[in-house]
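Here's the structure we're looking at; comments come further down.
Computed from the coordinates by the stated procedures, all read-outs in this text should not be read as laboratory data. The structure displayed is predicted, hence computed values, not measured ones. Here the Cβ is made from the backbone with ideal geometry for all residues, glycine too, and neighbour counts use every protein chain on show.
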Amino acid sequence: MDSPRFDRWWARGVALGVAALTLYILITEWDGVVRLGLWLWAGLSAAPQSFANLTNYYAVLPAAQLLPSLIIGAVVGLVLGVRAVRQRRVDPPWGVLIISTVLGAFSGQILTATLQHCTYALEAPAVEAIAGVVLTALSALIFVMPYLATLNRINPSQSGYFRRPALAYGFLAPTLLSLFVFLYYPSIQTILLSLNARRFPIRTERFVCLGNYTALAEDVVYQSSFVTTLAITLAIVGFSLSIALGIAVLASQKVRGASIYRTFLIWPFALSPVVTGVIFLALFRDGQAGLVNYFLTVGFGTELSWLRNPDLARWVVVLASVWNILGFNILFYIAGLQGVPPELLEAAAIDGANKPQRFFSITFPLLSPYTFFLLVTNVTYSFYGIYGVVDALTSGGPPVGAAGMFGGATNVLIYKLYEDAFTPGAPIGSAAAQAIVLFIGIAALTLLQFRFVESRVTYAD
Amino acid sequence: MPTRTKTRWGVHAALIVVCFVMCIPALYALQLATLTFDAAFRAPPQLFPPGADLGENVSSLFTRLQFGGLMVNTTVVALVVVVGKTGLSLLAGLAFVYFQFPGKTVLFFVVLLTLLMPTEIILLPLFRMMSELEWGRLNPRLALTVPFLASATGVFLFRQHFANIPRELAEAAQLDGATPSQFLLSVLIPMSWNVIGAQALIQFISTWNAYLWPVLIVQDSSAFVIQMGVRSAASSGGQTDFGLLMAAGVIASLPPLILFVLLQRQFMNGFALTRDK
């Protein structure tokens, strides 16, 4: 049990330290804080103008473009509403159905208006038109889902709430403000950027609808980078999860000094991707000074050019990444294994199940929340965290295809994205579109994880 | 029981082998860190005994590559992020668990939705925003910390943890006339050290190890962070000085590793996820 009171000397020390640090930063960086305030104020003052622009936009929008998008949003809202009403036996259902339909129509406009209804234009290509419908439907979910979640409210019989709800807004304000300014706003900006491009003779950016996305689909370097990322991700996730599970089972045996073994197994996750990259650079370098090639020469009389051969370079990146995240996975699997009730395993043993049978029919299913959580974090690492490893190990190379026409063998999406975004004369719109594509992958996986552990996630108290 | 001791020895042997294999890359890095430029390129490689140039390599990191300044910069940045994230998440957790207010579900959804938005995809507009604020040029410390102060994961973690604390405590505190902040300071925080420790450790490690955002945003070398130092040790001059580079890796990894070993128990307990209560 932890200490029962806050009046320990070190707790006061921590509090004092925090206050001093805050004060120090505020004083030394005051000018920057002021500029943030001014920036926010300017944004707020521009709000009426933006609203007027939006009204004008809708005033001149042809009904042929507006109506279909409104209907699609409304249908999505209605369908989800009907489902929710049935599941929760809401009686009478009409209020919920009307609100959910209206919300669907309204919230469907968020993404659709961002796209300036361009996919609903008559001259829009079929692919873009279909994508537009999907986007409108997704956009409808933004408001409909939280609204329907409020119906889920488990009756708030719990006591122990503080009065004065106004205080709660105060406690939430810093988090919400920060999330809006530094997460929601840039996310919307990414979408907006991804719809613009600089096309050759004109030097300024202009609106190109989904043009950046369709261009990506046809770009061979991007395709190759996409496939590379998927392959590398698959390899990293497969190896890191299965090896970690094996080691965790081993490390969960009740032996003397188990906690010391655990420390030795887990620590590499504290290393950064960059440090991991440079260590593996040393291990796999050319010539017999590198450890791996030295042992290859001694054992097989040959050495390999690990970082110059496209296939081998990919494997080195996979190996380095697996080594980097393995400890994290082992940690969570050990925690999960501790939660498996021994009575279940004993009962199965009495029924005559052997060890592998017990593992696959009891332990492994019970671990599935951990597996799912680790799946998401490992995919996230393979999509984003890998930047440091690739940068230090291969810088995206070695080249593939004649004259490197398919880009680098380890030019994963995140590496290509930031190469594209920050080179002079960079195709910002294309980079933003790449960021959105990358985001969709992770978002889909995370949503799946939410659904999977839905019984544990309650949206309201 | 002879069979039992036998399997245990087997487990020990297997664990020792696995631990050793896991440590090979690091052991090799440590060995290289003790070698001079020439010795690190000699074939066959000198695997034992350690060379005598660790001190030389480390001191040249601190004199030539300003590792001292980098460590100070990174420590300040990591501390600010850890303190800010923990503080904001505690407050938000308090609001979500111990208050009832209109819009609670929707606001929770607003926070939850950000779990889907990894910072890596917004770095591009964030970079533009930083240029508008001139933070990259004039206030790199703010640029490295302020955008990352709020955390959906942290809010989620503390909300979950508070929800498992008996409601009687809150009732008793209210009967005693405690304000929410007194309740937070004298009841919730003392009961949450494990979770705070685990969350702080994860945040410290990830901020300390951050590379992409600092590389994009920091232009002034006096504000560089440690991972940029490691990367520059790899690419200074033509041939890579592996002794120097590995020493850089070792030095850069020491603070998170030491913290990890110190906070290991809190970490394990704090992250024993949804163990059924």
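The figures follow:
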{"quantity": "Rounded Å value of the spacing that divides the Cα centres of the stretch A:229-251 and the stretch A:43-92", "calculated": "44"}
{"quantity": "Local net charge near B:Thr153, Cβ-Cβ under 13 Å (Lys/Arg +1, Asp/Glu -1)", "calculated": "+2"}
{"quantity": "Residues A:Glu346, B:Glu134, A:Glu128 arranged by fewest to most Cβ contacts within 10 Å", "calculated": "A:Glu346, B:Glu134, A:Glu128"}
{"quantity": "Relative contact order %, the stretch B:63-270, counting alpha carbon pairs below 8 Å whose residues are six or more apart", "calculated": "34"}
{"quantity": "Magnitude of the charge dipole, the protein assembly as shown, Cβ model with Lys/Arg +1 and Asp/Glu -1, debye to 20", "calculated": "1400"}
{"quantity": "Long-range tail of P(r) for chain A (Cα pairs > 35 Å, %)", "calculated": "52"}
{"quantity": "Net length gained if the chain between A:Arg451 and A:Asp351 were fully extended (0.36 nm per residue, minus Cα distance)", "calculated": "32.6 nm"}
{"quantity": "FRET E, pair A:Ala215, B:Ser232, Förster distance 56 Å, beta-carbon r, rounded to 0.05", "calculated": "0.95"}
{"quantity": "Principal-axis tilt of helix B:54-64 within chain B, Cα atoms, nearest 10 degrees", "calculated": "70"}
{"quantity": "Per-residue Cβ neighbour rank within 10 angstrom, fewest leading, B:Met246, B:Met130, B:Met268", "calculated": "B:Met268, B:Met130, B:Met246"}
{"quantity": "Whichever aspartates and glutamates have a C-alpha closer than 14 Å to that of A:Lys416, once near sequence neighbours (fewer than 8 apart) are set aside", "calculated": "A:Asp219, A:Asp391, B:Glu120"}
{"quantity": "Calculated FRET value between A:Ile260 and B:Thr63, using beta carbons and R₀ = 35 Å, to 0.05", "calculated": "0.45"}
{"quantity": "Cα-centred dipole magnitude for the stretch B:63-270, charges only on beta-carbon of K, R (+1) and D, E (-1), debye, nearest 20", "calculated": "160"}
{"quantity": "Label-to-label distance, nm, for residues given as B:Val72 and A:Val79 (7 Å Cα→Cβ offset)", "calculated": "6.1"}
{"quantity": "Total formal charge among the other residues, if their Cβ is under 15 angstrom from that of A:Ser395, Lys/Arg +1 and Asp/Glu -1", "calculated": "+2"}
{"quantity": "Reachable aspartates and glutamates from B:Lys104, criterion Cα separation under 17 angstrom, eight or more residues apart if same chain", "calculated": "A:Asp461"}
{"quantity": "Given charges at Cβ of Lys, Arg, Asp, Glu: the stretch A:217-452 dipole, positive-most of A:Ala433, A:Ile330, A:Leu447", "calculated": "A:Ile330"}
{"quantity": "Cα-based Kirkwood hydrodynamic radius, the stretch A:173-227, one decimal, Å", "calculated": "13.4"}
{"quantity": "FRET efficiency, 1/(1 + (r/R0)^6) with R0 25 Å, evaluated for B:Gln239 and A:Leu304 via beta carbons", "calculated": "0.75"}
{"quantity": "Exposure proxy ranking, count of Cβ atoms within 10 Å, fewest first, for B:Leu54, B:Leu245", "calculated": "B:Leu54, B:Leu245"}
{"quantity": "Positive-pole candidate from A:Val400, A:Tyr415, A:Val340, dipole of the stretch A:320-431, charges at beta carbon", "calculated": "A:Val400"}
{"quantity": "Anisotropy class of the stretch A:217-452 from Cα gyration tensor, a/c 1.5 cut", "calculated": "oblate"}
{"quantity": "Length added when fully stretched, A:Ala52-A:Ser395, from 0.36 nm per residue minus Cα-Cα", "calculated": "118.7 nm"}
{"quantity": "Spin-label proximity, B:Glu56 to the stretch B:16-36 - amide N less than 16 Å from point 7 Å beyond Cα toward beta carbon", "calculated": "B:31-36"}
{"quantity": "Of A:Thr150, A:Ala270, A:Ser224, farthest towards positive along the dipole that unit charges on Lys, Arg, Asp, Glu beta carbons give chain A", "calculated": "A:Thr150"}
{"quantity": "Cross-link reach list, aspartates and glutamates versus A:Lys355, counting only Cα pairs under 12 Å and skipping chain neighbours closer than eight places", "calculated": "A:Glu346"}
